[in-house]
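Note sheet for the following structure.
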Amino acid sequence: MATLTHDHSAAHDERHEALRRVRAIVAGSSGNLVEWYDFYVYSFTALYFAAEFFPKGDQTSQLLNAAGVFAAGFFMRPLGSWLFGWLADKRGRRYSMMVAVLMMCGGSLLVAVLPTYAQIGVAAPALLLLARLIQGVSVGGEYGTAATYLSEVAKHGRRGFYSSFQYVTLIGGQLLATLVLIILQQFLSDAELRAWGWRIPFLIGAVAAVIAFYLRRSLAETASRAARQHAEAGTLRGMLRYPRSFFVVMGFTAAGSLSFYAFTTYMQKYLVNTAGFNARAATELMTVALFCFMLLQPAFGLLADLIGRRTSMLIYSVLLMIVTVPVFTAIGHASAPSIAFPFIMVALICVSFYTSISGLIKAELFPMHVRALGVGLSYAIANALFGGTAEYVALWFKSIGHESAFFWYVVAMAGVAFIAVFVMPDTRHRGFLTPDEGKQLEPAGG
């Protein structure tokens, strides 16, 4: 009888632990979704508001200016990753994520109420830039802290699966941005969207960020007190004791970020500017593609648990080198969305080998006391240099008549990723995330 009671109690504790873990992942991921919705809604509405802030030139030059402001947000990410990485390693993951989502709220609200170029002249694009810089700092801190949190709270042996939900919600943020735009397109005319309708998604984002803040208040803390009290917790000196990890992450993030933005945010503009689809058709096509991409993440995360993160990353880099040029070329000559769609999905399937374990593989390369800083800063620098500039570089190559050079640029960076991953250890067996991490979660406010 005592044995049966003990077994029942153990089973109950295991179910309770699993439920607590799932709640933590849901709460952490929901805030992540709002953060990325707010950041991406800029890119997806740029087709409508670019002329309001950059009135001179043709459509390509207006999009080029809007993409330049988008890229500027990326260049603030290293600052955000340093600031929020320090907060997360020193004060806790929960505290850092709460501050980050409040900052995103402020940036989105500013964009929503901005006067146009016709109303205040050059101050309009200047204020737009300021809002993007605020959002860039916020997202810079969000990625590293969220990746660290989801990796630490996940169950050992299923970390690839659980941590893949970072990109489920990241892609979900993009998807939500496109869905909001599609809904507005059903009720507002093109002229109304260009005049004032583009502001609505930013207002929605600001309100959602406030809700996310309250959700994050209930998160359990995953960073131990010992790690937070470490003499080098959250410091650059402590992080730079792991230079190999830092530069390996930068190497594969360069290609990962570039390919991700090339086949998601830039692809919508490529469908309009090169394939010749109208804006509505491009939006609808990318909504379906992003939804499929989002659903792929847990499956590829689970696959990484079985075959190893390093193997997944090697497959990603080799496939990217093979498919990029033919996929872009085929899409550029597609005569209908139904023809372009399968080629977009081929590219997104390749990218899923990276995105599903992106945060986890970085977290496994750093110890707990500098993990959020190490993950965030190495990612943010490479992401700013290669992800944030993806649209700008692609549009610039098109503007000088050499659009296909961008495709080969992506291929070259895939080669860099292959080298970085090749020299990386198998983090399942030689990583810093231990089997016991996440078992002793501190309650909110702990």
Cβ-Cβ cut-off under 12 Å around Leu377, Lys and Arg +1, Asp and Glu -1: the net charge is +2
The extension gain from Ala231 to Leu130, computed as 0.36 nm times the residue separation minus the Cα-Cα distance, is 32.8 nm
Over the chain, with neighbouring protein chains present, the accessible area per residue in Å² at probe 1.4 Å is 37 Å²
Largest fluctuation, Ser352, Ser29, Ser218 only, Gaussian network model of the chain with Cα springs under 10 angstrom, belongs to Ser218
Computed over the chain: longest principal axis from alpha-carbon atoms vs helix 59-75 long axis, angle to nearest 10 degrees, is 20 degrees
Charge tally for neighbours of Glu391 with beta carbon under 12 Å away, counting Lys, Arg as +1 and Asp, Glu as -1, is +2
Computed for the chain: size of charge dipole around the Cα centre, +1 on C-beta of each Lys and Arg, -1 on C-beta of each Asp and Glu, debye to nearest 20, value 780 debye
Expressed in nanometres to one decimal, the distance between label points 7 Å along Cα→Cβ at Val288 and Ser338 is 0.9 nm
Tilt, helix 165-187 to longest principal axis of the chain (alpha-carbon atoms), in degrees rounded to tens, equals 30 degrees
Sequence order, segment 191-202: Karplus ³J(HN,Hα) from phi using 6.51 cos²θ - 1.76 cosθ + 1.60, θ = phi - 60°, Hz rounded, Gly and Pro as x, gives 5, 5, 4, 6, 7, 8, x, 5, 6, 4, x, 6
Taking the chain, the lysine pairs whose C-alpha atoms sit under 26 Å apart (8 or more places apart or on different chains) add up to 9
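Using only DSSP helix segments of four residues or longer, with each worth -39500 (n - 2.57), what per-residue ellipticity at 222 nm results for the chain after dividing by its residue count and rounding to 500?
Helix-only estimate at 222 nm: -26000 deg cm²/dmol.
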Expected unfolding gain across Thr311-His402 under the 0.36 nm per residue rule, minus the alpha-carbon gap, is 29.3 nm
When the charge dipole of the chain is computed with +1 on Lys and Arg Cβ and -1 on Asp and Glu Cβ about the Cα centre, the Cα farthest towards its positive end, among Tyr95, Tyr214, Gln268, belongs to Tyr95
Sorted by chain and number, the residues with a modelled amide H under 5 Å from that of Trp196, at a separation of 5 or more or across chains, are none
Excluding ligands, DNA and RNA, the carbon-plus-sulfur percentage of the accessible area of the chain with a 1.4 Å probe reads 69 percent
Sorted list, accessible surface of protein heavy atoms, 1.4 Å probe, largest first, for Ile400, Ile315 is Ile400, Ile315
Under a Gaussian network model of the chain whose springs join Cα atoms within less than 10 Å, the largest fluctuation of His156, His369, His402 belongs to His402
Taking the alpha-carbon centre of each part, the distance from segment 19-53 to segment 386-422 in Å is 25 Å
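The values are calculated or read from the model by the stated rules, or taken from the named source; none is laboratory data. Since this is a predicted model, take the numbers as computed values, not measurements. Positions of Cβ are backbone-derived with ideal geometry, glycine not excepted, and every protein chain shown enters the neighbour counts. Please note that ligands, DNA and RNA were not included when accessible areas were found on the heavy atoms of the full protein model with its side chains. Shrake-Rupley method; radii C 1.70, N 1.55, O 1.52, S 1.80 Å.
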